[in-house]
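One structure is given below, encoded as structure tokens.
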Amino acid sequence: MRQRLLHRNLVRAVSAMIALVALIIVVRLFIPSDRSESLPVKGNISIGLEAPNFEGVNTNGERVSLHALRDRTVLLNFWASWCVPCVKEMPLIDEVFRSEDIDFQLVSVNVGEARGTVNEFLQQKGISFPVIIDAAGKVSTLYRIVGLPATFVIDAYGTLRQVGIGEITTREQLLSMLQT
């Protein structure tokens, strides 16, 4: 009886600690910090608003700026090699990227991994598109990424048109997102 009571109290204590940690994470994500090194995040990331600009260097050594891609539809995809749904959707994204079914610019952003890790992964998987390395998380913070994969469609005017959280599972789903 006493063991059962101790077990129940332990379960309650662990549950309370997990809830407290989850609350702290949520608060840190949604309440801006006053630290000077934090990124200037203005407004919300919402459909119909201008997509936040960023610059980065991709795995081909090319400088990429979201603003420079105006006049084209952009598929902005955040991923990591340890993310199983990310890995599952990458061949599909690569296939559509290489096809001529629809005109769009792919901006792929790896979150939190080193350039060597990303290059090795791309080579192993036979992925042809270049990737921006966001090892410090600046771009993912700007877009308020809390889960992977995350995909955004930005129109030729720089306006956010689609937000997709989770794996893109079919070619039709991807093409539908891009045609919005």
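The values are calculated or read from the model by the stated rules, or taken from the named source; none is laboratory data. Source: prediction; values computed, not measured. All Cβ positions, even for glycine, are placed from backbone atoms using ideal geometry, and neighbour counts span all protein chains on display. The area values use the complete protein model at the heavy-atom level, side chains included, leaving out ligands, DNA and RNA. Shrake-Rupley method; radii C 1.70, N 1.55, O 1.52, S 1.80 Å.
Residue-wise, which Karplus ³J(HN,Hα) couplings in Hz belong to segment 129-143, taking 6.51 cos²θ - 1.76 cosθ + 1.60, θ = phi - 60°, and x for glycine or proline?
7, x, 10, 7, 8, 10, 4, 8, x, 5, 5, 5, 5, 4, 9
Per residue, what accessible area does segment 65-180 have, given a 1.4 Å probe and all protein chains present, in Å²?
47 Å²
Please name whichever of ILE127, PRO85, VAL111 sits farthest to the positive end of the charge dipole of segment 83-180, dipole taken about the Cα centre and charges placed at Cβ: Lys and Arg +1, Asp and Glu -1.
Selected residue: VAL111.
Name the residues whose placed amide hydrogens come within less than 5 Å of the amide hydrogen of SER108, ignoring near sequence neighbours (fewer than 5 apart) on the same chain.
Close amide H contacts, sequence-distant or interchain: ASN77, ILE132.
Whenever you get a sec, compute what percent of the accessible area on segment 131-180 sits on carbon and sulfur atoms (1.4 Å probe).
Numbers: 1150 of 2240 Å².
That fraction is 51 percent.
Pull up all non-local amide H partners of CYS83: gap of 5 or more, or a different chain, and H-to-H distance under 5 Å with H placed in the peptide plane.
Excluding prolines and chain starts, which carry no amide H, there are no hits.
For segment 42-164, give the magnitude of the charge dipole about the Cα centre (Cβ charges: +1 Lys/Arg, -1 Asp/Glu; no others), in debye to the nearest 20.
380 debye
Amide H to amide H under 5 Å from VAL57: which residues, 5+ apart in sequence or cross-chain, H placed 1.01 Å off N in plane?
It is VAL64, ILE133, by chain and number.
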